[in-house]
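One structure below.
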Amino acid sequence: MKRRSFVKGAVAAGVASAAASSLPKPAIAQERIEWRMVTSWPKGLPGLGTGAERVAKRISDMSDGRLNVKVFAAGELVPALQVFDGVSGGTAEMGHDASYYHLGKSPATAFFTAVPFGMTANELNAWVHWGGGQELWDELYEPFGLKGFLAGNTGVQMAGWFRKEIKSLDDLKGLKFRMPGLGGKVLERLGATVVLLPGGEIFPSLQSGAIDGTEWVGPYNDLSLGFYQVAKFYYWPGFHEPGSGLQLTVNRSKFEALPNDLKEIVRAAASAENDVMLAEFNSRSAPALQTLVREHGVQLRQMPRDVLEAIGTESGKLMQETLDDGDEITKKIARSFFKTRREALAWTRLSDQGYTNARLLKFPYPRG
Ligand code: CA
């Protein structure tokens with residue numbers, strides 16, 4: 001009995017072992033990659049900060065945690081305006097900010113956020129995705145060890161907050177104003193003293209009188225930063241940022257080391273945010289504008305036509321100089337951008353602009 005049991009047991013064990021060897025090997029736990037994303041945004045800043053958090057969450061969720069991204073607000077890991085260096089140098093694997101904060105690296109960085117009297121969000125997307133912009137961007141960032149992706153857009157911005165009205169060009173002279181990018185350089189040429197401050201430092205500077213005014217984004221974002229408490233005149237249109245692209249930067253060697261599916265997840269997460277953020281800004285700006293005007297007594301002002309024309313003229317000169325004086329890559333990017341802008345003028349006039357003008361004609365329509 002004992003022997004038979006033993007034999008039976010041995011046979012059974014043999015069968016079990018043969019069965020086990022024919023089964024697929026147990027899945028080896030996938031390597032989990034932990035990445036850090038540094039940003040220029042104050043923690044939880046609606047629109048920009050929450051957009052960066054959505055990109056990170058989307059990457060973590062789409063990869064089911066294989067690529068897990070932790071977000072750091074401005075100053076937590078690197079200062080607000082050093083996201084570029086932080087990702088380039090490997091302090092973090094990813095960053096979310098605006099390329100035009102880094103004009104010091106190359107004047108061509110401006111084109112991937114916004115330039116004065118440049119392209120709208122639709123036009124920028126068209127250029128980057130279909131007009132050769134992404135390839136030029138890759139070429140620009142390659143020496144810095146970065147990859148850049150569009151990952152959000154604010155839509156048309158407001159010209160900004162002013163303590164005093166701007167009635168003529170003279171009112172710009174001596175004005176201490178916060179405006180980044182090439183828009184700031186244009187105001188400087190018209191006599192303003194321009195500073196670049198990260199979002200979290202604007203309100204105290206405005207309150208202390210260190211600056212007379214500021215631009216930031218538009219009603220939704222600006223309401224949350226409270227500028228209306230200090231400056232009452234809110235000017236439009238945002239000639240300097242007609243559709244600012246936000247960028248997801250990725251350390252190039254870290255990106256190249258990812259398996260193909262995770263690379264595609266990073267691209268897709270950025271692309272998704274490019275749509276979602278623009279939709280959020282468009283959706284929330286109208287009610288935020290009402291709140292600013294009705295509850296906080298903000299006064300809306302249109303930038304006078306002759307001031308806009310002067311800003312436009314100076315912008316055109318600055319763009320020409322950027323092209324003439326730029327290094328090889330800047331020239332290539334500028335030429336490509338200006339060509340797409342020129343083509344867009346013709347098409348947008350008939351499409352978006354043609355339609356929105358037609359919609360303003362007087363006829364009855366349900367209010368909803
Ligand atoms: Ca802005």
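The values are calculated or read from the model by the stated rules, or taken from the named source; none is laboratory data. All figures in this text were calculated on a predicted structure; none of them were measured in a lab. Cβ sites come from the backbone with ideal geometry, for glycine too, and all protein chains shown count toward neighbours.
Please find, within segment 176-185, the residue that is farthest from the ligand (Cβ to nearest atom) out of those that are over 30 Å from Ala272 (Cβ atoms) and crowded, with 20+ Cβ neighbours inside 10 Å.
Lys185
Going through segment 289-317 one residue at a time, which ones are of a type in the set (A, V, I, L, M) and either within 21 Å of Arg189 (Cα to Cα) or touching a residue at least 40 places away in the same chain (Cβ under 8 Å) (or both)?
If the condition is that a residue be of a type in the set (A, V, I, L, M) and either within 21 Å of Arg189 (Cα to Cα) or touching a residue at least 40 places away in the same chain (Cβ under 8 Å) (or both), then Leu289, Leu292, Val298, Leu300, Met303, Val307, Leu308, Ala310, Ile311 are the ones that fit.
I'm told Gln157 meets every condition in (1) within 14 Å of Glu241 (Cβ to Cβ); (2) in contact with a helix residue (DSSP H, G or I) (Cβ under 6 Å, 6 or more places away or on another chain); (3) among the polar types (S, T, N, Q) except one. Can you identify the failing condition by its number?
It fails just one condition, (2).
Among the candidates Trp216, Trp161, single out the residue that is within 12 Å of the ligand (Cβ to nearest atom) and over 19 Å from the mean Cα position of the chain (by Cα).
Matching residue, one of Trp216, Trp161: Trp161.
So is Ala358 of a type in the set (A, V, I, L, M, F, W, C), outside the structural domain of Asp170 (by TED's automatic domain parsing) and touching a strand residue (DSSP E or B) at 6+ places or on another chain (Cβ under 8 Å) or not?
In short, no.
So which residues in segment 186-196 are farther than 16 Å from Phe162 by Cβ and more than 14 Å from the ligand (Cβ to nearest atom)?
Within segment 186-196, Glu188, Arg189 meet the criteria.
Just to confirm my filter: which helices (runs of 4 or more DSSP H) fall fully inside segment 272-368 and include at least 2 residues that are among the aliphatic types (A, V, I, L, M) and over 27 Å from Leu172 (Cα atoms)?
328-350
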